[in-house]
Amino acid sequence: MLKYDKWIALVFAILTVLFIAVSVVNESFFEWTYARHQNMLSWYIRPIFLIPFCYFAYKRSWAGISVIIFCIFTSMFWFPQPAVVSESAVKFLEFEMEWLYEEWDLKKWLLAGTVPLSLFALGLTFWKRNLLMGIGVMVLIAAGKIMWSLYNAGESGKSILVPAILGLVTCIVIVYLGFRRIEKKK
């Protein structure tokens, strides 16, 4: 598998870029994915992807990291559109959609750049096998998402609190235990 690691990583990086590009240029596809993103299961599953992301960074697997990033982006439409959606979730997703479709100025580009930057920082900490720094980055990622949501989306931003906090706690516990177990085996 190591022989094909970088090739697999390249394929999934291209697939991720294609997914983002199609979402940007094809409004009906974007709306289709966002309708399915109303399913709260996609809100709960996305933070959990940080667990295998950290594992693959620890194992220094470019393919694993790239596959997980692809999964993070596409997981928003893995579940069917729910029959019932909370009003705050609908309002929050409408806010996110409007935010994405509004004019992109330097401030917005810099803010959007924090997503790949934070994933890079998280990957680097586990690549370097620094558990405490990695946990710190996870906390910053969750805190940043929560603060951005509350500040920009107002009351509807509270709809991400439970998935974000539960995802953060789950990630910290599993990553901590997994890291300790791997290090103990050495």
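The values are calculated or read from the model by the stated rules, or taken from the named source; none is laboratory data. Predicted, not measured: the structure shown is a model, and the values here were computed from it. With ideal geometry, Cβ positions are generated from the backbone for all residues, glycine too; neighbour counts draw on all protein chains shown. Heavy atoms of the whole protein, side chains included, go into the accessibility calculation; ligands, DNA and RNA do not. Shrake-Rupley method; radii C 1.70, N 1.55, O 1.52, S 1.80 Å.
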Q: Considering only segment 68-168, give the helices (runs of 4 or more DSSP H) lying wholly within it that have at least 1 residues that are hydroxyl-bearing (Ser, Thr, Tyr), open to solvent by less than 50 Å² (accessible area, probe 1.4 Å) and without any contact (Cβ under 8 Å) to a residue 60 or more places away in the chain.
A: 106-127, 131-153
Q) Listed residues ALA63, ALA112; which is at pLDDT 95 or above, among the small types (Gly, Ala, Ser) and either in contact with an Asp or Glu (Cβ under 7 Å, 6 or more places away or on another chain) or closer than 25 Å to GLY136 by Cβ (or both)? A) ALA63
